[in-house]
Every structure is written in structure tokens, then in C-alpha cells.
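First, the structure itself, so that you have it in front of you.
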Amino acid sequence: TSRGVITITLARDLAPATVANFVALARAGAYDGTPFHRVIADFVAQGGDHARGDGAGGPGYTIACENTDAPYLRGAVGMAHAGKDTGGSQFFLTHSWQPHLDGRYTLFARVRGGLDVMDALQPDDVLVRVILPSGG
């Protein structure tokens, strides 16, 4: 990000299709240079709108939700949506435990490094580039 590095671990066991979608978009460079358009202190930082950058866009298709009972603890990464099975590219990082999100949004990754960077994000900070590990 424009604030520093955030490292996430993808949760293929929880959300294999969502992870595959995120990886495909990342490989295509869809997230590079996109803003965190929604940042709410002690709640979430949301980005991934590569079509418009304002929170109203997506990839031009939707994906099915893969909801589980996995808790939305600090550093959880979820797929944003406007209703069941309407996610696509937008995602959010949780700044603190958000139990009301449990089972309602697909949790597909967890922040494993850079929580301080995540906490420092401000609206319109940029996701400069997503770097996937080889084979990732």
C-alpha cells in the first residue's frame, strides 16, 4: 500500500472459489493502483474497486458467497458484497473483532504482517501492488 506492506495469508480451506477469484484478479493487475475507498476507524478498510475506485464498481461479474462460522477477528479479510452472492473484487480488512460479520461475509484471508500499516490506512490511500508468491 502507499502506507507500507501488508502481508496476508489466503484461506483456501475456508473459501477456495473466493481465493481463486482474488488470485486471478491479482495476477491480472486488477488491484494495482486502486484506492481504499472506505476506511472506518476500529471497523474496516475497504478496497478492491478496480472498475471505478469509489466503491460502486466491480469486475463485471459476481461470485457466490462461501460463508463459514470463522470469526472476523482483527486482521480478517472478507469479500464485500451488496447482498448474497453479489461479491466480485471488493474486499475489506477488519481493524478489530467484528462478530456481527461472522457467517455473513466470505472470510478468505487473514493479515499476518503489517497490522500497524492496516491501522494507519486512510481513505484514498492506494493499494500499490499485490504480489503473489510463486505458485500463489
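Can you name the condition, by its number, that Gly88 falls short on among (1) at pLDDT 95 or above; (2) open to solvent by 20 Å² or more (accessible area, probe 1.4 Å); (3) not charged (D, E, K, R)?
Looking at each condition in turn, Gly88 falls short on (2).
Restricting to the stretch 77-128, and then to whatever is aliphatic (A, V, I, L, M) and part of a helix (DSSP H, G or I), can you tell me which residue is nearest to Gln46 (Cα to Cα)? Walk me through how you get there before you give the answer.
Step one: of the stretch 77-128, the residues aliphatic (A, V, I, L, M) are 77, 79-80, 82, 93, 101, 107, 109, 111, 115, 117-118, 120-121, 126-128.
Imposing the further condition that a residue be part of a helix (DSSP H, G or I) reduces the set to 101, 115, 117-118, 120.
Details: Leu101: 14, Leu115: 14, Val117: 14, Met118: 10, Ala120: 13 Å.
Result: Met118.
Another one. Could you check, for the stretch 30-51, whether at least one of its residues is touching a helix residue (DSSP H, G or I) at 6+ places or on another chain (Cβ under 8 Å), modelled with pLDDT under 95 and at negative phi?
The answer is yes, given that some residue of the stretch 30-51 is touching a helix residue (DSSP H, G or I) at 6+ places or on another chain (Cβ under 8 Å), modelled with pLDDT under 95 and at negative phi.
Now for a separate question. Thr106 - would you say it is buried (at least 18 other Cβ atoms within 10 Å of the Cβ), touching a His at 6+ places or on another chain (Cβ under 9 Å) and touching a residue at least 24 places away in the same chain (Cβ under 8 Å)?
When the stated conditions are applied, Thr106 passes them.
Exactly one condition in (1) in contact with a Lys or Arg (Cβ under 9 Å, 6 or more places away or on another chain); (2) free of Cβ contacts under 8 Å to residues at least 40 places away in the same chain is not met by Ala51; state its number.
Among (1) in contact with a Lys or Arg (Cβ under 9 Å, 6 or more places away or on another chain); (2) free of Cβ contacts under 8 Å to residues at least 40 places away in the same chain, the lone unmet condition for Ala51 is (1).
Quick check: anything in the stretch 61-70 in contact with a Gly (Cβ under 8 Å, 6 or more places away or on another chain), under 20 Å from Trp97 (Cα atoms), assigned to a loop (DSSP other than H, G, I, E, B) and acidic (Asp, Glu)?
Yes, the stretch 61-70 contains a residue that is in contact with a Gly (Cβ under 8 Å, 6 or more places away or on another chain), under 20 Å from Trp97 (Cα atoms), assigned to a loop (DSSP other than H, G, I, E, B) and acidic (Asp, Glu).
Looking only at the stretch 10-38, count how many residues are part of a helix (DSSP H, G or I) and without any contact (Cβ under 8 Å) to a residue 40 or more places away in the chain.
Within the stretch 10-38, residues that are part of a helix (DSSP H, G or I) and without any contact (Cβ under 8 Å) to a residue 40 or more places away in the chain number 2.
Also, quick follow-up: Based on this model, can you work out whether Thr18 counts as crowded, with 19+ Cβ neighbours inside 10 Å and more than 14 Å from Leu127 (Cβ to Cβ)?
Yes; evaluated as a whole, the condition is true for this residue.
Checking Ile131 against (1) among the aliphatic types (A, V, I, L, M); (2) without any contact (Cβ under 8 Å) to a residue 40 or more places away in the chain; (3) not in a loop (DSSP other than H, G, I, E, B), which test does it fail?
That leaves (3) as the condition not met.
Taking the condition of being among the small types (Gly, Ala, Ser), crowded, with 19+ Cβ neighbours inside 10 Å and either farther than 14 Å from Phe108 by Cβ or more than 14 Å from the chain's Cα centre (by Cα) (or both), how many residues in the stretch 48-68 meet it?
1
The values are calculated or read from the model by the stated rules, or taken from the named source; none is laboratory data. Worth saying up front: this structure is predicted, and the values here are computed from it rather than measured. FYI the Cβ positions are ideal-geometry reconstructions off the backbone, even for glycines, and counts take in every protein chain you see. Calculation scope for accessible area: heavy atoms of the full protein, side chains included, ligands and nucleic acids excluded. Shrake-Rupley method; radii C 1.70, N 1.55, O 1.52, S 1.80 Å.
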